[in-house]
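> Below is one structure. I have some questions about it.
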Amino acid sequence: MGIILCKKCGREISPDSKYCGNCGTIVMLKDNIIDVIKYQRGLIYVILFRILLLLAALFRIIPPDRIIILAVIGLSLLVAMLFMIVQLLGAMDYGFVIVILCCILVFFPLIGLITLLVINGRATKILREAGLRVGLMGVNPGDLQQISNN
Ligand SMILES: [Zn+2]
C-alpha cells in the first residue's frame, strides 16, 4: 500500500486512519466516494419523486378511487428511500446505530425532512472535500464517469 497524503494539508496519513491527524480532513477510498455520489443522487431522486407523488395526490391527478396506486408507489418510494439512506450512510462510514436512528427519524414529519437535509449535507461536504463539484442534483454524471475511469 502506498503512502497516502492529505489532500488539504499534504501531511502523510497512516493507511488505517480515516482522518488526517493534522487537519482532520476525512480520508476516503475512491470506491467509497463513488458510492457516496451514486447513493446521494439516488436519494435526491427518491425525494423528488415523493414530492411529485404528494403533488399528484394533492391536485388529484391520480383519481381518489385509484388510491391503491398512490399507496403502492408511496410504499415503493419509502423502501427505496430507506435503501438509499442505508447505502449512503454506509459509504460515509457511519455506524449501525446512526443508520438505524436515521431510518427511524425520517418517518417523523419535520424531523424527517431535517434528517434528510443533514444526510445530504454530509454527503455534499465529503464530496466537496474530495474535490468534486456538487450541485442541486448531486455530482453530475460526467464527473462520476471521469473518476470511475481514473
Ligand atoms: Zn490534513
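The values are calculated or read from the model by the stated rules, or taken from the named source; none is laboratory data. These figures come from a predicted structure and were not determined experimentally. Cβ sites come from the backbone with ideal geometry, for glycine too, and all protein chains shown count toward neighbours.
> Which condition does residue 127 not pass, out of (1) in contact (Cβ under 8 Å) with a residue 24 or more places away in the chain; (2) on the phi < 0 side of the Ramachandran plot; (3) more than 11 Å from the chain's Cα centre (by Cα), if it passes all the others?
Just one mismatch for residue 127, condition (3).
> If you scan region 47-99, which residues turn out to be within 22 Å of the chain's Cα centre (by Cα) and on the phi > 0 side of the Ramachandran plot? Talk me through it step by step, then tell me what you get.
Filtering region 47-99 for residues within 22 Å of the chain's Cα centre (by Cα) gives 47-54, 73-99.
Passing the criteria: only 93.
> Considering only residues that are of a type in the set (A, V, I, L, M) and closer than 21 Å to residue 8 by Cα, look in region 125-143 and name the one that is modelled with the lowest pLDDT. Give the derivation first.
Step one: list which residues in region 125-143 are of a type in the set (A, V, I, L, M), which gives 126-127, 130, 132, 134, 136-137, 139.
Checking which are closer than 21 Å to residue 8 by Cα leaves us with 126-127, 130, 132, 134, 139.
Numbers: 126: 89, 127: 91, 130: 82, 132: 88, 134: 93, 139: 92.
Filtering region 125-143 for residues that are of a type in the set (A, V, I, L, M) and closer than 21 Å to residue 8 by Cα, the one modelled with the lowest pLDDT comes out as 130.
> Among the residues in region 17-26, are any over 22 Å from residue 117 (Cβ atoms), more than 16 Å from the ligand (Cβ to nearest atom) and surrounded by 12 or more Cβ atoms within 10 Å (Cβ to Cβ)?
Let us first name the residues in region 17-26 that are over 22 Å from residue 117 (Cβ atoms), namely 17-25.
Now narrow it down to the ones that are more than 16 Å from the ligand (Cβ to nearest atom): none.
The answer is no; no qualifying residue exists.
> Quick one: would you say residue 98 is under 15 Å from residue 81 (Cα atoms), modelled with pLDDT of 95 or more and not acidic (Asp, Glu)?
Details: under 15 Å from residue 81 (Cα atoms): no; modelled with pLDDT of 95 or more: yes; not acidic (Asp, Glu): yes.
So residue 98 fails the test.
> Further question: When residue 91 is evaluated against the numbered criteria (1) hydrophobic (A, V, I, L, M, F, W, C); (2) more than 16 Å from residue 125 (Cα to Cα); (3) in contact with an Asp or Glu (Cβ under 6 Å, 6 or more places away or on another chain), which criterion, by number, is the only one it fails?
Unmet for residue 91, out of (1) hydrophobic (A, V, I, L, M, F, W, C); (2) more than 16 Å from residue 125 (Cα to Cα); (3) in contact with an Asp or Glu (Cβ under 6 Å, 6 or more places away or on another chain): (2).
> Might you let me know whether region 29-41 holds any residue that is part of a loop (DSSP other than H, G, I, E, B), under 30 Å from residue 142 (Cβ atoms) and either within 16 Å of the ligand (Cβ to nearest atom) or not basic (Lys, Arg) (or both)? Break it down stepwise before answering.
Looking only at region 29-41, we keep the residues that are part of a loop (DSSP other than H, G, I, E, B), and these are 29.
Filter again for under 30 Å from residue 142 (Cβ atoms), leaving 29.
From the residues that got through so far, the ones that are either within 16 Å of the ligand (Cβ to nearest atom) or not basic (Lys, Arg) (or both) too are 29.
Yes, region 29-41 contains a residue that is part of a loop (DSSP other than H, G, I, E, B), under 30 Å from residue 142 (Cβ atoms) and either within 16 Å of the ligand (Cβ to nearest atom) or not basic (Lys, Arg) (or both).
> Additional query: Among all residue pairs at least 6 apart or on different chains, which show Cβ distances below 8 Å where the first residue, located in region 62-91, is in contact (Cβ under 8 Å) with a residue 24 or more places away in the chain and the second is polar (S, T, N, Q) and surrounded by 17 or more Cβ atoms within 10 Å (Cβ to Cβ)?
Going by the 8 Å Cβ cut-off, the qualifying pairs are 88/40; 91/32.
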